[in-house]
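Take a look at the structure below.
The values are calculated or read from the model by the stated rules, or taken from the named source; none is laboratory data. Keep in mind the model is a prediction, meaning the values are calculated, not measured. Note that we place each Cβ from the backbone using ideal geometry, even for glycine, and neighbour counts take in every protein chain shown.
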Amino acid sequence: MTKQYQPPKIWSENTASGNKWANINRPVSGATHQQALPQGDNPLQLYSLGTPNGQKVTILLEELLALGITEAEYDAYLINIGEGNQFSSGFVAVNPNSKIPALLDKSGDEEVNVFESASILLHLAEKFGHFLPAQGSARTQTFNWLFWAQGSAPFLGGGFGHFYAYADEKLEYPINRFAMEAKRQLDVLDKQLANNTYVAGEEYSIADMAIFPWYGKLVLGELYDAAEFLQVQNYTHIMRWATQLQQRSAVQRGCIVNRSWGEAWEQLPERHSATDIDKVLAQRP
């Protein structure tokens, strides 16, 4: 039986567990070392990692490029959070919160730094006039579900995903607690998709792009190896929607950018042009 943890009177940092992800969290903010970020020649500079939060942005960028919007061309540089790249002085200057993704928009007279995935999605959707309704209830519904994802996904990722897949010790209470919440969220989303083609209605939007890398990948069996545990086959409407999005070329392209693990055709640590993605996907069986 595991000895019950008794919180001390005053908390202190303890990273002695040896967990490989222990160094990505600290009780203070700011840079740990001086290092400038690389910059390419494209209007947009993305600093990210091919996790669900990173994939949201690269999916949108690839969707914009698929529409022929050349102004959405971007350089994508890998930020290896396991190595502490997010604590470099250059990255902190773009995102003082030291989380991926972070974007530097060089297209105007003044460079603009954008951080938090939802903020980046909104910035790009409004900048280019796509994937966000211009007005009315459709716009409000897109915001509703975009921010639902921002509020809900931490319970799926940092909650369920952490304790189920990454924690040093498998503990019944947190796994059960966050599994229940994950299933509740899946039920909310499934009921919404029962009456709508896309999450916010009949238009494909940044809400879908924000939700798919988390919940779509989960039901497709590509997140935490938890499909059987959570019985995701019961969420038939999410499964229909996730399969539909997975078939989009831009989604497939966006999901491999800044990815450095998996099969060879799934890995593109850096991206500077469309041909970079083409070469990697050409290896797909």
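Side notes on the structure shown:
- Residues of region 103-126 that turn out to be without any contact (Cβ under 8 Å) to a residue 60 or more places away in the chain and not polar (S, T, N, Q), as a count: 11
- Test: residue in region 60-69 that is over 24 Å from Gly216 (Cα atoms), of a type in the set (Gly, Ala, Ser) and exposed (fewer than 12 other Cβ atoms within 10 Å of the Cβ): yes
- You will find that of Gly40, Gly54, the residue that is in a loop (DSSP other than H, G, I, E, B) and under 25 Å from Trp265 (Cβ atoms) is Gly40 and no other.
- Helices (runs of 4 or more DSSP H) fully within region 199-285 counting 2 or more residues that are under 23 Å from Leu67 (Cβ atoms) and either at pLDDT 95 or above or not aliphatic (A, V, I, L, M) (or both): 206-211, 236-246, 249-254, 274-281
- A count restricted to region 122-151 and to residues that are assigned to a helix (DSSP H, G or I) and touching a Phe, Trp or Tyr at 6+ places or on another chain (Cβ under 8 Å) stands at 2.
- For region 172-209, the set of residues classified as surrounded by fewer than 14 Cβ atoms within 10 Å (Cβ to Cβ) and within 17 Å of Asp225 (Cα to Cα) consists of Asn176, Met180, listed by residue number.
- Ser98 within 27 Å of Gln267 (Cβ to Cβ), in a loop (DSSP other than H, G, I, E, B) and either at pLDDT 95 or above or within 15 Å of the chain's Cα centre (by Cα) (or both): yes
- Enumeration of residues in region 57-87 that are part of a loop (DSSP other than H, G, I, E, B) and in contact with a Phe, Trp or Tyr (Cβ under 8 Å, 6 or more places away or on another chain): Ile69, Ile79
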